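Asks: One structure is given below, represented as structure tokens, and several questions about it will come after.
The values are calculated or read from the model by the stated rules, or taken from the named source; none is laboratory data. Note that the coordinates shown come from a computational prediction; the quantities given were computed from them, not determined experimentally. Neighbour counts are summed over all protein chains in view; Cβ atoms, including those assigned to glycine, are modelled from backbone coordinates with ideal geometry.
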Amino acid sequence: MLRFFFCIFTLFTTLSIYSQNNKVAIDAQLFAEKNILNINQKITYYNTSKDTLHEIVLRNWANSYKDSETPLAKRLLEDYKTDFYFSKDEDRGYSQINSIKSKKENLTYHSPHHQKDIIYVNLKKSLKPKDSVTIALKYVIKIPNAKFTGSGKKDMDYYLQDWYISPAPYENNWVLDSHNNLNYQYNTPTNYHIKLKVPIGYQVHSAFHQQKEIGSDFLNYKLTGKNFVKANISITFLKSYLKVQTDKVNVITDFVSEDFDTTIQEEKMHQMISFLENHLGELPHKQILIEKETYNQNPIYELKYLPKILHPYKEQFTWELKFFKTLSAEYINQMILNDKYKYYCFTEGLEVYLFTKYVEENYPDSKLVGRLANIWGLKSMNIAKSKFTDKFSIVHQITARENLDQSLDTPLKDLSNYNKKVITPYKAGLSFIFLENYIGQEILQDAIKEYIHQNLNKISDPNDLMTILQKNSTKDISWFMEEWVESNKKIDHKISKATFKKDSVYITLKNKRSIKTPVSIYGLKNNEIKSKTWTDGFDDTKKIAIKNDNLDKVILNYENDYPEINNRNNWKNAKPKLFERPLKVKLLKDLNDPNAHQVFLNPEFAYNFYDGVILGVGIQNKAFIRKNFEYKLKPTYSTASGTLTGGFNFSYTVYPEKTNIFDVSFGMSGSNYHYTKDLNYNVFSPYFSIDFKQKNMRALGTNRITARFLGIHKEVAKGTEQTDEDKYQLLKVAYDYRKNQLINDYKLNISTEVATKFSKLTTDFRYRHLTNTKRPVEFRFYGGVFLRNTSTSDYFSFNQHTANDYLFELPYLGRSETSGLLTQQYIRSQGGFVTQNEPGFSNQWLTSINTSIGIIRWVEAFNNISLSKSKNESAFFDYEGGIRLNFIPDILEFYLPIYNKEGLLTKDGQYFKNIRFTVTLKAQPLIKFFKQQLF
């Protein structure tokens, strides 16, 4: 008996030790005039591992804002954000540690140079398993501007996230997570006791239990809480928060709309809390803090970037969706404690799943385009008929078709911005819906509740949910992790054949991809669902039979049970029609209609000197979701010549799954415009290209090989004999590489051209660096050599000044002009010189270096040098320099040359003719520029 009680005692003792939370006690004072927090802190750390520890690792994320060399600074640049890199010292932050002690003895500590926000603290005595150590710290925090990450000072208010020094988790090794602008710090459940002194006029808001004492000059707040994984605090100046008491939890918020009654908003908060309690269970804490700044860090993007006056949704609907998104995310974060660095998709997917359920339950008739769905001319479009919650599958399908999504098990730090913010949450949410449709809604929702109940207030593993699901379901779901979560495979099934017999329909299914996931088969009669059958995943083909209940059609995935990248081949009719898919012509681009051949018409506009204003219509099959085969016909009318012109393009693109190739595309294009007055040119060009995948999807860039055969035919004036310069063919093979970064941008092009009269090899290397004072420094090297040249003219020769665009690739407004304003158009190509010196052309080889450096804002100084060689002539060296007004790079620029080899150009009485300009009238570069500015 004694032995029995001893075992029970040992068991409870062990459990109590292993369930011990770390403790953090903070005594802090805010000095608002200097944006300073003075902090005295104690950390009680429990060694719950099996290892003996000789050091403790602390996260000092306040120091992430110290300079441009921290992991945070580098990450922000990777995210194409320059605010921090170019910020002033007063906007940045830091931490200044005065002492770290244990039992009043100073401890030695250090931070690696490459991780200034991590502190290694050496212990005086080794920390054995089950033991604890208390560390006392004194330090000062300079609070940064909140514009960098959302955490810090904004106007007069302070939004503090991960602001204090916290112990890193230990899981066989220390989790050394620096601040990487992910809005997340991995912490184990911790007990907090915080004393915070703020000046009169400030108020403190948090999810902790709060007490407030009023002093003569300061307010003293006491904040306490158990089993919290974060200690976010907001300190606002003369700004009150709304407190709404629901049945079991207090909602504290500043996220209140002024456009409709607050009473309605409070009722909605009750409704939302009740919804979340029904789906997840009761919140383990008594309060939840919901702030607009939290929403701004992770918004509904279509609502964020659309001006309020253009919103197609009612204000109450908009506010409710924003608030629910923020509330559900915070609710889930309190209910489910796991490592988001590993399992980011889990909580994000659950959030999207609940968002979908909430909208379907409360706004079942809401449309994707809101009130625009009722406008004449738009109401017949597929996008207008789509439900609001269809956006998740639509956006995922658009991205997956172009191979831009990442697998759901990709670590958080490795996700591209687009995947982190949009695609991974959407794809993960669709995954929950997939499971629900396959095993049943009740089984899924009960399993989620059971998982949460089992893991409340402790770190959990989402794989445990799959164990519960498998236990409660009669269906095998092993495919879910292996085929869907842990891979980036795409779903695409088709019905190869369907034979309708009296009693049964015999169906042959084809798996067009390598994924083996279940397939849903629907039987329809007059568009009414008569049956639904699931069949297990398979390789290649599978034959099944379903009951024929007077069915007139069978369709796969009819109700979007799972995210499929192509649904145009998902159905068969009992009585095949001559035209299975009728032709639909639309004036506006729309969502794909799997039941029709869609043709979209869009206006075309261009300009050149000889054609004048070019007006026309683009006839294309390209919808919002990309197809493998796409075409565009572009008949146009040239107002200056009064003739019909235009072009065309046909392309077929495939996206291999298991290779380093991103896409393979081949097709043909052609165009017919004028190259001089009343004389046109025709270009016909079959092409082939291979794009390679980036090793890191966070990095933007290009890695491409292209091959083009060009047949060019130039019309000649009557009475003029056609020469080899008027009708010619050549093969061009090129390799393009670009490492697109804000601070260091690299471009490399290597190409070769092979024609009857010549063959040549060229290289064009460009490097752009942005200094920490925002001054751009550019360097370009161009080198070209003829491998063979039997041409008797300079038509195909290298040009140091203005490239003879015999491939008709460059956007010249007046390509044949020899005088006048249009001859001053500048396109940096070949030699890249602004001024023209004799001889200009070289028929053997040419090298050139073009440089520029910023002086102030858009004013830059440029310098060019070149060395060229023609047959039977000595090498020719040339140079020039001047001022570049770079208003919009490659779109609007002016070049003012000052000197060249012949002397000063400013003495020239016709200096104006030496000025060159760059202007782009094409829509695509302009759209790309404005998108970069917006996003």
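Asks: Just the residues that are over 26 Å from Ile26 (Cβ atoms) and touching a strand residue (DSSP E or B) at 6+ places or on another chain (Cβ under 7 Å), please, taken from the stretch 223-261. Talk me through it step by step, then tell me what you get.
Replies: Narrowing the stretch 223-261 to residues over 26 Å from Ile26 (Cβ atoms): 242, 244-248, 255-261.
Across the stretch 223-261, the qualifying residues are Leu242, Val244, Phe255, Val256.
Asks: Same structure again: Would you confirm, using the coordinates I've provided, whether Tyr418 is within 32 Å of the chain's Cα centre (by Cα), assigned to a helix (DSSP H, G or I), without any contact (Cβ under 8 Å) to a residue 40 or more places away in the chain and more than 24 Å from Asn227 (Cβ to Cβ)? Can you show your working first?
Replies: Numbers: within 32 Å of the chain's Cα centre (by Cα): yes; assigned to a helix (DSSP H, G or I): yes; without any contact (Cβ under 8 Å) to a residue 40 or more places away in the chain: yes; more than 24 Å from Asn227 (Cβ to Cβ): yes.
Yes.
Asks: Further, regarding this structure: Filtering the stretch 638-660 down to residues that are in a strand (DSSP E or B) and crowded, with 16+ Cβ neighbours inside 10 Å, which residue is nearest to the chain's Cα centre (by Cα)? Outline the logic, then answer.
Replies: Filtering the stretch 638-660 down to residues in a strand (DSSP E or B) leaves 638, 643-654.
Filter once more, keeping what is crowded, with 16+ Cβ neighbours inside 10 Å: 638, 645-649, 651, 653.
Details: Ser638: 40, Thr645: 38, Gly646: 35, Gly647: 33, Phe648: 31, Asn649: 29, Ser651: 26, Thr653: 22 Å.
Among them, the one singled out is Thr653.
Asks: Tally time: how many residues in the stretch 19-70 are under 29 Å from Lys458 (Cβ atoms) and not polar (S, T, N, Q)?
Replies: Within the stretch 19-70, the subset under 29 Å from Lys458 (Cβ atoms) is 19-28, 39, 41-62, 64.
Those still in the list that are not polar (S, T, N, Q) too: 23-28, 39, 42-43, 45-46, 50-51, 53-59, 61-62.
So the count comes out to 22.
Asks: Can you tell me which residue within the stretch 501-514, out of those that are at pLDDT 95 or above and surrounded by 15 or more Cβ atoms within 10 Å (Cβ to Cβ), is nearest to Leu435 (Cα to Cα)?
Replies: Of everything passing the filter in the stretch 501-514, Asn511 is nearest to Leu435 (Cα to Cα).
Asks: State yes or no: is Ala62 free of Cβ contacts under 8 Å to residues at least 40 places away in the same chain, closer than 28 Å to Phe148 by Cα and in contact with an Asp or Glu (Cβ under 9 Å, 6 or more places away or on another chain)?
Replies: Working: free of Cβ contacts under 8 Å to residues at least 40 places away in the same chain: no; closer than 28 Å to Phe148 by Cα: yes; in contact with an Asp or Glu (Cβ under 9 Å, 6 or more places away or on another chain): yes.
Spelling it out, it is not the case that Ala62 is free of Cβ contacts under 8 Å to residues at least 40 places away in the same chain, closer than 28 Å to Phe148 by Cα and in contact with an Asp or Glu (Cβ under 9 Å, 6 or more places away or on another chain).
Asks: Considering (1) buried (at least 22 other Cβ atoms within 10 Å of the Cβ); (2) within 30 Å of the chain's Cα centre (by Cα); (3) closer than 19 Å to Asn457 by Cβ; (4) of a type outside the set (D, E, K, R), say which one Tyr159 fails and leave the rest.
Replies: Status for Tyr159: all satisfied but (3).
Asks: Taking the criterion of being crowded, with 16+ Cβ neighbours inside 10 Å, more than 24 Å from Asn566 (Cβ to Cβ), among the β-branched types (Val, Ile, Thr) and in contact with a Leu (Cβ under 6 Å, 6 or more places away or on another chain), would at least one residue in the stretch 459-468 satisfy it? Reasoning before the result, please.
Replies: To start, the set of residues in the stretch 459-468 that are crowded, with 16+ Cβ neighbours inside 10 Å comprises 459-460, 462, 465-466, 468.
If we keep only those that are more than 24 Å from Asn566 (Cβ to Cβ) too, we end up with 459-460, 462, 465-466, 468.
Next, from what is left, pick out any that are among the β-branched types (Val, Ile, Thr): 459, 468.
Within this subset, residues satisfying the condition of being in contact with a Leu (Cβ under 6 Å, 6 or more places away or on another chain) are 459.
For the stretch 459-468, residues crowded, with 16+ Cβ neighbours inside 10 Å, more than 24 Å from Asn566 (Cβ to Cβ), among the β-branched types (Val, Ile, Thr) and in contact with a Leu (Cβ under 6 Å, 6 or more places away or on another chain): present.
Asks: Tell me yes or no: at least one residue of the stretch 488-496 is β-branched (Val, Ile, Thr), in contact (Cβ under 8 Å) with a residue 24 or more places away in the chain, crowded, with 17+ Cβ neighbours inside 10 Å and in contact with a strand residue (DSSP E or B) (Cβ under 7 Å, 6 or more places away or on another chain). Quick ask: steps written out before the conclusion?
Replies: Of all residues in the stretch 488-496, those β-branched (Val, Ile, Thr) come to 491, 495.
Imposing the further condition that a residue be in contact (Cβ under 8 Å) with a residue 24 or more places away in the chain reduces the set to 491, 495.
If we keep only those that are crowded, with 17+ Cβ neighbours inside 10 Å too, we end up with 491, 495.
With the extra rule that they be in contact with a strand residue (DSSP E or B) (Cβ under 7 Å, 6 or more places away or on another chain), the set shrinks to 495.
So far as the stretch 488-496 goes, yes, one or more of its residues are β-branched (Val, Ile, Thr), in contact (Cβ under 8 Å) with a residue 24 or more places away in the chain, crowded, with 17+ Cβ neighbours inside 10 Å and in contact with a strand residue (DSSP E or B) (Cβ under 7 Å, 6 or more places away or on another chain).
Asks: Next question. Looking at the stretch 606-624, which of the residues that are touching a residue at least 60 places away in the same chain (Cβ under 8 Å) and surrounded by fewer than 18 Cβ atoms within 10 Å (Cβ to Cβ) is farthest from Leu810 (Cα to Cα)? Show your work before the answer.
Replies: Going residue by residue through the stretch 606-624, those that are touching a residue at least 60 places away in the same chain (Cβ under 8 Å) are 606-611, 624.
Okay, now just the ones that are also surrounded by fewer than 18 Cβ atoms within 10 Å (Cβ to Cβ), so 607, 624.
Details: Tyr607: 13, Phe624: 29 Å.
Applying the filter and picking the extreme gives Phe624.
Asks: Are there any strands (runs of 3 or more DSSP E) wholly within the stretch 506-589 with 2 or more residues that are at positive phi and without any contact (Cβ under 8 Å) to a residue 40 or more places away in the chain, and if so which?
Replies: Values: elements: 519-525, 528-535, 541-547, 553-556, 571-573, 583-586.
Of the strands (runs of 3 or more DSSP E) lying wholly inside the stretch 506-589, none has at least 2 residues that are at positive phi and without any contact (Cβ under 8 Å) to a residue 40 or more places away in the chain.
Asks: Then there's this: Identify, please: which residue in the stretch 213-236 is farther than 18 Å from Thr253 by Cβ and in contact with a Leu (Cβ under 6 Å, 6 or more places away or on another chain) and is, among those, modelled with the lowest pLDDT?
Replies: Once the filter is applied, the top-ranked residue is Val229.
Asks: Among (1) closer than 30 Å to Ala32 by Cβ; (2) of a type in the set (Lys, Arg); (3) more than 36 Å from the chain's Cα centre (by Cα), there is one condition Lys128 misses while meeting the rest; what is its number?
Replies: It is condition (1) that Lys128 fails.
Asks: Considering only residues that are surrounded by 14 or more Cβ atoms within 10 Å (Cβ to Cβ) and over 26 Å from Phe434 (Cα atoms), look in the stretch 574-596 and name the one that is nearest to the chain's Cα centre (by Cα).
Replies: Looking at the filtered set, the residue picked out is Lys589.
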